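The values are calculated or read from the model by the stated rules, or taken from the named source; none is laboratory data. Bear in mind the structure is a predicted one, so any value in this text is a computation, not a measurement. Note that we place each Cβ from the backbone using ideal geometry, even for glycine, and neighbour counts take in every protein chain shown.
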Amino acid sequence: MNSPSGKVVVPSSGPLNAEIVFIGESPASEELSQGIPLVGRSGRLLNNVLSQVGIDRTKCRIMNLVPVRAPKDKFALHSEEDMEWGLERFATELKQLKNVKVYVPLGANPTNVILGCKPPSRKGKDGFIGQWRGSIIPAVLEDGLPELAEDY
């Protein structure tokens, strides 16, 4: 399967009945070559952390907001058609997940989409997203799903 611009899709992995969902931005070269999300450098870091806290990755759902590689691996450089298609696909896939207890956005862009707002920037140093790392942020859920940002 390919995106509207013809790029190869890296599908989500893990069970549809997962209680934990990890959300990345887009696949990079290793993910593209293996066809599995989060298997590169960031994926190895995730695996290490999961192992340390006793969470089995195979029982988690791993997704990307846009399941195709971004130009120069920069999320903002996705074509408009791939971005729109990817976010629509992401929202549709979330609706299939009926057992989720925890959504873990991995970075500012996934946090923005899940929370429905932009995380604080460096200009507001006290609220910079890096200071949120490890925090639990309650989300307003509709039908068990996070409200996704309409204007991302």
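Descriptive notes on the structure:
Table: residues versus (1) in contact (Cβ under 8 Å) with a residue 40 or more places away in the chain; (2) at positive phi.
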{"site": "5", "(1), (2)": "yes, no"}
{"site": "37", "(1), (2)": "no, no"}
{"site": "45", "(1), (2)": "no, no"}
{"site": "59", "(1), (2)": "yes, no"}
{"site": "69", "(1), (2)": "yes, no"}
{"site": "72", "(1), (2)": "no, yes"}
{"site": "81", "(1), (2)": "yes, no"}
{"site": "101", "(1), (2)": "yes, no"}
{"site": "107", "(1), (2)": "yes, yes"}
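- Residue, modelled with the lowest pLDDT, within region 80-127, restricted to residues that are among the hydroxyl-bearing types (Ser, Thr, Tyr) and touching a strand residue (DSSP E or B) at 6+ places or on another chain (Cβ under 8 Å): 111
- If you go through region 37-65 and keep only what is within 12 Å of the chain's Cα centre (by Cα) and among the basic types (Lys, Arg), you end up with just 61.
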